[in-house]
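Working notes, structure below.
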Amino acid sequence: MVDIQIPQIGESITTVFIARWIKQAGEFIQEGESLLEIDSDKASMEVPSPTSGKVVEVLFEDGDEVAVGAVIARIDASATAAAPAAAPAISSVKQETTGEVRAGPAARQAASVVGVSLEKVAGTGPRGRITTSDVQTASQPAPAPVAKPCARPAPMVDTGVLVEREKMTPLRRTIARRLVEAQQTAAMLTTFNEVDMTRIMALRKSYQDRFVKKNGFKLGFMSFFVKAA
């Protein structure tokens with residue numbers, strides 16, 4: 001008997017959630033074939049089987065939180081895969097598969113008059129024989145679909161009937177926790193400072209030509225901001 005444990009998938013991860021079992025108890029599994037899928041705080045992954053055998057016991061269900069290293073299933077490595085079922089014997093009696101259309105002279109004449117192909121007519125007579133009434137029914141145009149009145153949307157009533165609750169995956173739960181921590185620790189504000197730049201713009205304009213001639217590039221406002229700071 002081989003015990004299947006939750007593998008170590010990260011230094012900071014101590015527990016995982018069982019997303020779904022790919023193999024159930026009583027099923028045969030090959031070595032390297034995926035046994036289940038687990039979710040962690042960082043990613044989802046499939047756990048392969050270390051051996052071939054029969055899954056005899058599943059200790060946890062979908063959605064359970066399990067510690068890393070815990071035994072989650074047991075596989076009987078001595079079991080062998082069941083032999084495939086024998087194919088049924090082929091009957092020596094061959095069925096009649098001729099494509100001949102079963103219709104009498106009257107039905108054929110009616111089909112030629114109304115212009116209906118007998119191959120597209122479903123026969124209701126004995127042994128699927130096409131009758132004259134079948135031809136007449138096939139020649140009639142299909143009734144137009146009746147337009148259904150547009151249903152009015154149901155009012156949004158908070159009765160709890162339309163609410164479906166599901167467990168958050170570890171990854172979603174970590175994202176939500178990080179967003180809340182950011183709102184609680186970071187300063188959510190913006191400041192505005194207005195400055196009269198009239199004299200700075202005039203000073204920049206008076207020195208611009210000489211500055212460009214001497215340095216090869218224009219004089220920007222960042223130098224004034226740095227000087228002021």
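General observations
- The range 34-84: C-alpha gyration tensor shape, a/c 1.5 cut-off, then a/b vs b/c: prolate
- The distance separating the Cα centre of the range 27-54 from that of the range 155-225 comes to 45 Å.
- The phi torsions of the range 108-123, fed into the Karplus equation with coefficients 6.51, -1.76 and 1.60 and a -60° offset, translate into couplings of 5, 5, 5, 5, 5, 6, 8, x, 10, 7, 5, 5, 9, 9, 8, x Hz, rounded to whole numbers, with Gly and Pro shown as x.
- Seen from VAL180, the other residues with C-beta closer than 14 Å to its C-beta sum to a net charge of +3, counting Lys and Arg as +1 and Asp and Glu as -1.
Coordinate-derived values only; no laboratory data. These numbers come from a predicted model, not from an experiment. Quick reminder, even Gly has a Cβ in these numbers, built from the backbone with ideal geometry, and neighbours come from all protein chains shown.
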